[in-house]
Amino acid sequence: MLDFQLIFGLDKLMHFLGFAGVSVLIGIFLLIISGPDGVKQQLKIVWLSLVTVGIIEEYRQFLDPGRSTEFLDAVANMVGVSVGIGIILGLSYLVANKRRVLSSVFRLYPMFLMMLLLGLLYINERPFLKMEVSFQARVRSLAALIGF
C-alpha cells in the first residue's frame, strides 16, 4: 500500500517549491540578460546543473545526522526544476510571440471570463439577491426554451 502522506507530503512540496523557485529566478535572470532567442541553450545547462545539485544534496543529507536521505526528495527536486524551467520556456515563447499570443488570448478571454462568472453565479451558496424564482430555475427554464 502506498503512503500518500510520505509521497505527497509537506516535505516533498517544500523540495518541489524550493527548486522550482530557484529555477524560475535563474531563468528570469537569463531571460532578461540574453533575451528569448538565446535562452534555450542556457536553460538546458541550468536544468542539468540544478538536477545534479538536487541529487547530490540528498547524498549530503546522508552525512548530516539531523537530516534524512530520501529518493522521493530527489524526485521532487527534479520535478520542481523541470516545472520552473518549463515556466521560463513558456515565458520566453510569450515574449518572442507576444503580439500573436496576446491577440488570440484577448479574443477568447472575455468569453472564458463570462463563462466562469456565470458558473459562479449558478453555484453561488450565499445569494446576495433575493428572487422569487431561483437563478438555477431560471437557467433551467431558459435552457428548456432554447431546446437543451
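The values are calculated or read from the model by the stated rules, or taken from the named source; none is laboratory data. In this text, all values refer to a predicted model and were calculated from it rather than measured experimentally. No Cβ is skipped: glycine too gets one built from the backbone with ideal geometry, and neighbour counts run over all protein chains shown. Areas reflect the complete protein model, heavy atoms only, side chains present, ligands, DNA and RNA absent. Shrake-Rupley method; radii C 1.70, N 1.55, O 1.52, S 1.80 Å.
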Scanning segment 27-43 for residues that are touching a residue at least 24 places away in the same chain (Cβ under 8 Å) and β-branched (V, I, T), which turns out surrounded by the most Cβ atoms within 10 Å (Cβ to Cβ)?
V39
Of everything in segment 53-77, what is open to solvent by 70 Å² or more (accessible area, probe 1.4 Å) and assigned to a helix (DSSP H, G or I)? Give them in sequence order.
V53, I56, Y59, R60, F62, L63, F71
Positions within segment 90-118 being modelled with pLDDT under 80, surrounded by 12 or more Cβ atoms within 10 Å (Cβ to Cβ) and either among the aromatic types (F, W, Y) or in contact with a strand residue (DSSP E or B) (Cβ under 7 Å, 6 or more places away or on another chain) (or both), in sequence order:
none
Name the residues in segment 62-99 that are within 17 Å of the chain's Cα centre (by Cα) and polar (S, T, N, Q), would you?
N77, S82, S92
Considering each of L121, L129 in turn, give the residue that is modelled with pLDDT under 90, in a helix (DSSP H, G or I) and more than 20 Å from G18 (Cβ to Cβ).
L121
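Does V46 satisfy being touching a residue at least 40 places away in the same chain (Cβ under 8 Å), closer than 15 Å to L91 by Cβ and surrounded by 19 or more Cβ atoms within 10 Å (Cβ to Cβ)?
Details: touching a residue at least 40 places away in the same chain (Cβ under 8 Å): no; closer than 15 Å to L91 by Cβ: yes; surrounded by 19 or more Cβ atoms within 10 Å (Cβ to Cβ): yes.
When the stated conditions are applied, V46 does not pass them.
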When (1) more than 17 Å from M14 (Cα to Cα); (2) not in a helix (DSSP H, G or I) are applied to V46, the one that fails is (2)
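Would you call L10 modelled with pLDDT of 95 or more, open to solvent by 100 Å² or more (accessible area, probe 1.4 Å) and more than 10 Å from N77 (Cβ to Cβ)?
Working: modelled with pLDDT of 95 or more: no; open to solvent by 100 Å² or more (accessible area, probe 1.4 Å): yes; more than 10 Å from N77 (Cβ to Cβ): yes.
Here the answer is no, as L10 does not meet what is asked.
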